[in-house]
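Below is one structure, written out as structure tokens, with a few remarks after it.
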Amino acid sequence: MDKHLYYRRQFLLANNEINELSFWQHIKVSGKNLYAHPDLEITTKELNSIQIVLLGYIFDPFHPDKKNADILSEIIFKINKFTDLIAHLKPYPGRYAIIYKDEENFNILHDALGLREIYFCIQPNKIICGSQPNLIDKYSLPKLGITNDQNILNFYAHDMKSIRSGRMWIGDETYFTNIKKLISNHYLDINSLTAKRYWPNKRLESMNFDQAVKLSCAYLQGTLKAVTSRFDVMMAVTSGIDSRSLLASSKEVKEKIYYYINKHPHLNDKSPDIRIPRDIFKKLNIPFHIHEYSATVDDEFKKIFLDNTFMSSELNLPAIYNVYYKNHANKINLLGVGEIGREFYGKAPVDLDGYYLARSLKYKYSKYATEQCEKWLTEAKKVSEVYNVDIMKMLLWEVLLGNWGVVGNSESDIAIEEFDPYNSHYIYEIMLSLDPVKENLFEGMFTGMWPELLGFPFNPAETISDWIKHWLGRFGFANGFKRTLYRLDRWKFRKMMEAKKVQIVR
């Protein structure tokens, strides 16, 4: 098996040279050693005392022909300090990590969702930071190893297994000693090895709906023009809103895109995710590819795949190997997440606490998840109030999408590059400036970009459970039913914690 598959598209920043990575790209950044896999783009710019290093790629929706170097050149000419960089990055989507160095600052941050993951050591070590905690541990000196924290070990071994395919971590701690995850909307101060929040950095005010639609359409359409001008592109289209909104934004470049859906084992020809996009593309007279694939995976590929990304699982491995790796490795795969623009968790209750957040993340009976959510809430709640950002949207962004949501991108790196066109603070701030209950941004965008796509249903109810939820909501019973279940789960959790205290006393 090709050695280039090991830790493909990953990176490490180290205090000392790493001889074992001699075939990786290696550059010096302020005396430190930056190593990047050969398939991870590096772009550097220096001006006066400022140095910027881009790992990955970035797009300009308003000037689609610009490349990484063009965008970095424009940014570095406009900035004098690190906070200037934060402000100027806002309109640019991408999947990247950026190192910034000037006379006073030495920082690293990632894209809005943190799709180009960053983990870091909290104590001095040979390794400063990198793309995966197990990669940092592999080359660490002194050796870090697995944590001795029994709360973390118990969470990993038991609580996580049944939640979102065992890939839903909570908080910034990791399975390894003295290694933390850089949470979305934070940067790492490399000099002090501490994470610091940089967003939100201005108070969000309500935005005119028509203006929001106009700006969002222009942003998405420009992003699709930018990515298709630089890469061969494939786009998955399901019966959902997000993928169809990306289809709508691609209307002007549709000839440059390979549209498809993977026919996963749980799908059949009558499933909405097969039937509806097939009908859409038939009416539009655009080629649409339904991928049927084998469940068989090469054993060595499987081992490398599971080693490359710490939170990876075999859930999507057959598709990654048989579809992307074998047939589309030279493309970039577009997968969009627009939930920040809709009601996902609803409004926060008056008595919001860590348990409510943990349960929202499906951890009904996890002490560790509850404590980590309480820790996050203590800091985030103050920020959300000062800057007028919905705390439940922040939970969705930083805790769900920033942990579970990024794993799929990271584990796919062995086979293909994946990009989310929604991934920028620019469009997320637009979404957060609207009330999704009163104003349907997505309907407005469909109307503005490709209104024919509104003629097909979105995520129609398929199972008995789906229909029950639909009718409960339609007749106004859903909220009452949810409150009753919440009180019951909270009571069970409290009793469970009380029982454990009794056991400890005994």
Review point. Looking at the range 369-419, which of the residues that are more than 19 Å from the chain's Cα centre (by Cα) and of a type in the set (Gly, Ala, Ser) is farthest from Ser184 (Cα to Cα)?
Key: Ala369
Study note, to complete from the structure: Of (1) in a helix (DSSP H, G or I); (2) of a type in the set (Ser, Thr, Tyr); (3) over 21 Å from Asn191 (Cα atoms), Thr83 fails just (3)
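In the range 288-304, what count of residues is obtained for those that are of a type in the set (A, V, I, L, M, F, W, C) and out of contact with any strand residue (DSSP E or B) (no Cβ under 7 Å at 6 or more places or on another chain)?
Final tally of qualifying residues: 4.
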Practice item. Please tell me if Leu113 is at pLDDT 95 or above, assigned to a loop (DSSP other than H, G, I, E, B), aliphatic (A, V, I, L, M) and over 26 Å from Thr370 (Cβ atoms). Key: no
Revision key, fill the gap. Quick count over the range 447-489, residues being basic (Lys, Arg) and either modelled with pLDDT of 90 or more or in contact with a strand residue (DSSP E or B) (Cβ under 9 Å, 6 or more places away or on another chain) (or both), is 0
Exercise for review: State whether one or more residues within the range 380-393 are in contact (Cβ under 8 Å) with a residue 12 or more places away in the chain and under 30 Å from Asn316 (Cα atoms).
Suggested key: yes
**Study point:** strands (runs of 3 or more DSSP E) wholly inside the range 11-80 that include at least 1 residues being surrounded by fewer than 20 Cβ atoms within 10 Å (Cβ to Cβ), touching a residue at least 12 places away in the same chain (Cβ under 8 Å) and of a type in the set (D, E, K, R)
**Key:** 32-36, 42-47
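Yes/no matrix, rows are residues, columns are (1) over 25 Å from Asp2 (Cα atoms); (2) surrounded by 18 or more Cβ atoms within 10 Å (Cβ to Cβ):
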position: Ile261; (1), (2): yes, yes
position: Lys270; (1), (2): yes, no
position: Asp273; (1), (2): yes, yes
position: Phe301; (1), (2): no, yes
position: Phe310; (1), (2): no, yes
position: Lys326; (1), (2): no, no
Study note, to complete from the structure: When His291 is run through (1) surrounded by 16 or more Cβ atoms within 10 Å (Cβ to Cβ); (2) over 19 Å from Glu417 (Cβ atoms); (3) at pLDDT 95 or above; (4) of a type outside the set (Val, Ile, Thr), the failure sits at (2)
Practice item. Determine if the range 350-369 includes at least one residue that is under 26 Å from Lys492 (Cα atoms), touching a Cys at 6+ places or on another chain (Cβ under 6 Å) and among the aliphatic types (A, V, I, L, M). Key: yes
**Study point:** Residue list for the range 333-382, restricted to those being β-branched (Val, Ile, Thr) and touching a Lys or Arg at 6+ places or on another chain (Cβ under 7 Å)
**Key:** Ile340
Check your understanding: Does the range 24-43 include one or more residues that are acidic (Asp, Glu) and either in contact with a Ser or Thr (Cβ under 9 Å, 6 or more places away or on another chain) or more than 20 Å from Glu418 (Cα to Cα) (or both)?
Key -> no
**Study point:** Among (1) surrounded by 15 or more Cβ atoms within 10 Å (Cβ to Cβ); (2) within 19 Å of the chain's Cα centre (by Cα); (3) closer than 28 Å to Ile152 by Cα - the single one Tyr363 does not satisfy
**Key:** (2)
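The values are calculated or read from the model by the stated rules, or taken from the named source; none is laboratory data. Note that the structure is a prediction, hence the values are computed from the model and not measured. Note that we place each Cβ from the backbone using ideal geometry, even for glycine, and neighbour counts take in every protein chain shown.
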